[in-house]
Amino acid sequence: MERPPLSATKRCPHCGQWSAHQLQPDDRCEHCQELLDPFGPQRQAELARAWKWEMPPMLLLPIPPTDPAWLRALKYGVVQ
């Protein structure tokens, strides 16, 4: 027996009617054509900006020659 595909619905904050929802930030109401999630595009832009943040290529830890060998190895491992 084959199961029907799952569907999601969401109540429109503007007109109060239920509409099919594809879980996308730009989904629109089937009745009034307004956004089902008014903050969706803004949230998606913030998420994209957060993913573009890059970590510095190398963490600079001073490794003086007076450090013991185990500590130098630990610091070198953290940097790589």
Worksheet entry | Bins of 10 Å from zero: percent of alpha-carbon pairs in the range 9-54 | 31, 41, 19, 8, 1
Worksheet item: Angle, helix 40-52 long axis vs. longest principal axis of the chain, Cα atoms, 0 to 90°, nearest 10?
Response: 20
Response to the item:
Taking the square root of 5λ for each eigenvalue of the C-alpha gyration tensor of the chain, the equivalent ellipsoid has semi-axes, largest first and in whole angstrom, of 53, 18, 8
Practice prompt. Sort 19, 7 so that the residue with the fewest other Cβ atoms within 10 Å of its own Cβ comes first and the one with the most comes last.
Written response: 7, 19
Practice prompt. Compute the long axis of helix 69-79 from its Cα atoms, compare it with the longest principal axis of the Cα atoms of the chain, and write down the angle in degrees, 0 to 90, nearest 10.
Written response: 30
Worksheet item: What value, in deg cm²/dmol to 500, does the helix sum -39500 (n - 2.57) over DSSP H runs of n ≥ 4 give at 222 nm once divided by the residues of the chain?
Response: -9500 deg cm²/dmol
Worksheet item: By per-residue mean of other Cβ atoms within 10 Å, what is the highest-first order of 70-77, 30-37?
Response: 30-37, 70-77
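Throughout, read-outs are computed from the coordinates displayed, never taken from laboratory work. Source: prediction; values computed, not measured. Here the Cβ is made from the backbone with ideal geometry for all residues, glycine too, and neighbour counts use every protein chain on show.
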